[in-house]
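The values are calculated or read from the model by the stated rules, or taken from the named source; none is laboratory data. A quick note: this is a predicted structure, and the numbers were derived from the prediction, not measured. All Cβ positions, glycine included, derive from the backbone under ideal geometry; neighbour counts span all protein chains shown. Side chains are part of the model used for accessible areas, which takes the heavy atoms of the whole protein and leaves out ligands, DNA and RNA. Shrake-Rupley method; radii C 1.70, N 1.55, O 1.52, S 1.80 Å.
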Amino acid sequence: MNAPFSGPGGPGLPQERRVVTEIPGPASRELLGRRQRSVARGVSHVLPVFITAAGGGVLVDADGNSLIDFGSGIAVVSAGNAAPRVVERVSEQVARFTHTCFMVTPYEEYVEVCEELARRTPGGYEKRSALLNSGAEAVENAVKIARHATGRQAVVAFDHAYHGRTNLTMALTAKNMPYKQGFGPFAGEIYRAPMAYPLRWPGGPEACRAQALEVVTGLIHTQVGEENVAAVIIEPIQGEGGFIVPPPGFLAGLAEFCRAHGIVLIADEIQTGFCRTGDWFACEHEGVVPDLITTAKGIADGLPLAAVTGRAELMDSVHVGGLGGTFGGNPVACAAALGAIETMVAEDLAGRARHIGDVMLPRLNKLAQATPCIGDVRGRGAMIAVELVKPGGIEPDQAAAAVVARACHEAGLVVLTCGTFGNVLRFLPPLVIGDALLEEGLSILEDAFGALLGTAGSTW
Ligand code: PLZ
């Protein structure tokens with residue numbers, strides 16, 4: 001057995017794929033045994049290789065395998081794992097002080113992150129932010145703020161939406177298994193509207209924008225009443241639900257409707273934010289300015305931090321002491337965010353995300369032409385997916401997605417699946433991944449599809 005890798009991570013790690021054992025290897029399998037005896041079964045893994053170091057575009061496991069990372073820990077390490085500026089800032093901060101609780105005695109780093117959020121998020125208006133620990137907590141707080149500011153209770157969310165696993169956010173999340181099954185009762189006053197999902201819109205992709213807007217606004221009017229709606233919450237590109245990109249103009253139409261009726265538009269940019277889609281925020285591609293925006297994931301390169309940012313008059317409608325939490329805006333997490341944002345600016349990671357999309361999309365489109373089970377290729381920047389279907393139609397093919405994902409994993413490429421039907425392969429490389437690894441990852445994916453097509457008796 002190869003000696004476990006024990007060196008530091010970060011971009012200094014050899015940027016290469018190296019598969020020296022089966023995946024998972026013996027060291028990972030041993031750790032998996034310990035994990036099964038100590039960690040709750042409900043917490044699952046995409047790929048049970050135990051990581052000892054990571055950086056750039058690779059993850060190194062306990063068996064010494066170096067895997068290409070097309071997952072970024074679910075769109076988190078956009079600036080790269082153990083990014084130098086993040087490591088520097090965090091090390092400096094952790095040695096100075098680790099916690100005071102911002103609600104007890106404040107510190108500058110929290111304020112600095114809020115200043116950055118005001119600067120980077122869409123909207124020329126006066127803004128305020130509150131910092132929290134997780135995406136779900138940010139969404140919970142955005143709903144609290146919208147309800148408080150409007151004096152209304154109803155919240156409208158969409159089919160295929162994902163907003164978290166806490167009680168309120170489970171109610172907002174659409175998919176039952178595995179997120180909601182057996183965990184009810186769920187929070188009230190949540191209404192669900194159809195999502196503008198071009199591939200699956202009954203009237204076809206061309207009609208999707210106009211018809212979806214009509215259905216959504218009609219449903220709000222007849223079933224809820226505009227005057228009762230505190231907020232409409234939407235992911236500008238849906239993440240867990242399948243990387244669903246609404247047709248151009250849908251978000252803008254929704255924003256206009258919300259504005260006309262005093263409804264707070266919450267953009268959940270937890271997965272799309274911080275350069276992932278080729279701009280700081282995905283709303284910007286459509287010129288849409290939300291009233292509140294939730295962020296997490298990429299904001300702090302892996303340290304737990306999340307935020308609600310929005311119009312000062314909404315945010316400040318909440319009474320003093322109405323928002324907070326012990327750890328929210330922890331100074332070490334804030335230091336990481338400042339390092340991550342600095343990296344995004346210095347290395348133009350939004351530009352890198354656009355470049356990644358420019359490399360991936362043509363190859364995936366070409367692959368789709370030769371692969372009957374690829375029903376759609378979509379996404380923006382470094383948030384790209386292929387949706388797998390039974391050839392000749394749009395019936396979801398979850399089994400094909402699972403087979404391709406497994407083949408990629410075995411070859412040393414970490415890919416994730418998603419989608420309401422589990423049939424979408426999604427690609428979220430760190431924005432700092434090198435071109436050689438990116439191309440190699442795509443070749444592995446092409447080979448995995450090739451193997452799938454070659455399966456005896458296959459209809460794929
Ligand atoms: N909103 C848009 O993508 C988190 C979930 C992983 P937390 N997505 C990854 C899983 O299976 O738990 C997410 C998101 C959007 C909210 C969240 C929730 O963010 O930080 O996981 O709470």
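3J(HN,Hα) couplings calculated from phi for the stretch 440-447 with the Karplus curve 6.51 cos²θ - 1.76 cosθ + 1.60 (θ = phi - 60°) are, in sequence order, 5, x, 5, 5, 4, 5, 4, 4 Hz; Gly and Pro show x. Maximal additional length on extending the residue 363-residue 199 stretch stands at 57.0 nm, based on 0.36 nm per residue less the C-alpha distance.
If the segment from residue 447 to residue 227 were pulled out straight at 0.36 nm per residue, it would be longer than the present Cα-Cα gap by 73.8 nm. For the set 127/175; 144/175; 144/297; 297/366; 144/180, the pairs lying more than 28 angstrom apart at their alpha carbons are 127/175; 297/366. Inter-part distance, the stretch 204-269 to the stretch 367-385, computed on C-alpha centroids, equals 25 Å. If a spin label sat at a point 7 angstrom from the Cα of residue 435 along the line to its beta carbon, the backbone N atoms of the stretch 10-30 nearer than 20 Å would be those of 15-17. Among rounded, prolate and oblate, which fits the chain when a ≥ b ≥ c are the square roots of the eigenvalues of its C-alpha gyration tensor, a/c under 1.5 means rounded, and a/b larger than b/c means prolate? Taking the square roots of the gyration eigenvalues as a ≥ b ≥ c, the chain is oblate.
For the chain, the share of accessible area belonging to carbon and sulfur comes to 54 percent (1.4 Å probe, ligands and nucleic acids excluded).
Size of the stretch 85-346: Rg and Dmax of its alpha carbons, in Å, are 18.1, 59. Whole-Hz Karplus values for the stretch 254-262 come out as 5, 4, 5, 4, 4, 4, 5, 10, x Hz, taken residue by residue from phi with 6.51 cos²θ - 1.76 cosθ + 1.60 and θ = phi - 60°; glycine and proline positions read x. Need one word for the stretch 59-167: rounded, prolate or oblate. Basis is the Cα gyration tensor (sqrt eigenvalues a ≥ b ≥ c); a/c below 1.5 gives rounded, then a/b vs b/c decides. The shape class here is oblate.
3J(HN,Hα) couplings calculated from phi for the stretch 343-350 with the Karplus curve 6.51 cos²θ - 1.76 cosθ + 1.60 (θ = phi - 60°) are, in sequence order, 5, 4, 6, 4, 9, 6, 6, 5 Hz; Gly and Pro show x.
For the pair residue 316 and residue 22 in one chain, pulling the backbone fully straight at 0.36 nm per residue adds 100.3 nm over the alpha carbon distance. Between the alpha-carbon centres of the stretch 160-189 and the stretch 314-355 there is a gap of 26 Å.
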